[in-house]
Each structure stands twice: as structure tokens, then as C-alpha cells.
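J.: Structure incoming, see below.
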Amino acid sequence: MSISKEQVKHIAKLARLKLNDEELESYTKELSSILDYIEKLNELDTANVEPLTHPIENNNVFREDELEDSVSREDALKNAPKEDGKYFKVPKVIKSNK
């Protein structure tokens, strides 16, 4: 299956791409090659092949949740550029319309 330059121009327009003549020629060949490969894949008999969600069959690979000690407030605030003893101090980022 091949694709025409007019079809590539239409696809480029839909994608809001501006292609010069050299790019148009290149993309026409590349898209035709891709479509030919897809046609070749369509020739395969997949009647007895189960659909997959992933090519490698994995079960749950997540670790168990385990309670661990966290960093203390004092240790966390040691490297803060500004702090008030309990909290990090940061510049205000939300403007008020009052």
C-alpha cells in the first residue's frame, strides 16, 4: 500500500506541519514503507494468539508496604534556605485578588 503526496500534504496540514518539497518526498516514502510493513503483518494468521497487555507475563511485582522511620523535622530543616523552626519558608506564589 502506498500513500500519495497529496495524502501526506493532508496529514501534514492536520498535524499543522509545514513541509518543504524535500521533506514531503521523504515522508511519502517513509509512510509508504510503514504501511507496506503493516500490510505484511496483516498477512499473519493470529486466530489462535491470545491478546496481550504486555509482552512479558508478570504478576504483581510491587514490594510490600513496610513502616520505616522518617527523617526528623530537625534533620529535614537543617538544609533549608529559610525556616522558622517548624516549617520551610518559601516565597508566596498565589496572588490575592482583594
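J.: Could we say that residue 2 is in contact (Cβ under 8 Å) with a residue 24 or more places away in the chain, of a type outside the set (A, V, I, L, M) and in contact with an Asp or Glu (Cβ under 8 Å, 6 or more places away or on another chain) here?
T.: yes
J.: If I ask for residues that are surrounded by 10 or more Cβ atoms within 10 Å (Cβ to Cβ) and outside any loop (DSSP other than H, G, I, E, B), which ones from the range 72-98 would you list?
T.: 73, 76, 77, 83, 88 - these are the residues of the range 72-98 that are surrounded by 10 or more Cβ atoms within 10 Å (Cβ to Cβ) and outside any loop (DSSP other than H, G, I, E, B).
J.: Write out, first by first residue and then by second, each pair whose Cβ atoms fall under 7 Å of each other, whose residues are 6+ apart or on separate chains, and whose first residue, in the range 43-69, is farther than 30 Å from residue 1 by Cβ while the second is hydrophobic (A, V, I, L, M, F, W, C).
T.: Taking only residues 6 or more apart or on different chains, not a single pair turns up.
J.: Do you know which of the residues in the range 19-71 that are in a helix (DSSP H, G or I) and either in contact with a Lys or Arg (Cβ under 8 Å, 6 or more places away or on another chain) or small (Gly, Ala, Ser) (or both) is surrounded by the most Cβ atoms within 10 Å (Cβ to Cβ)?
T.: 28
Bear in mind that the values in this text are calculations on the coordinates, not laboratory data. The structure presented is a predicted model; accordingly, all values stated were derived computationally and were not measured. Cβ sites come from the backbone with ideal geometry, for glycine too, and all protein chains shown count toward neighbours.
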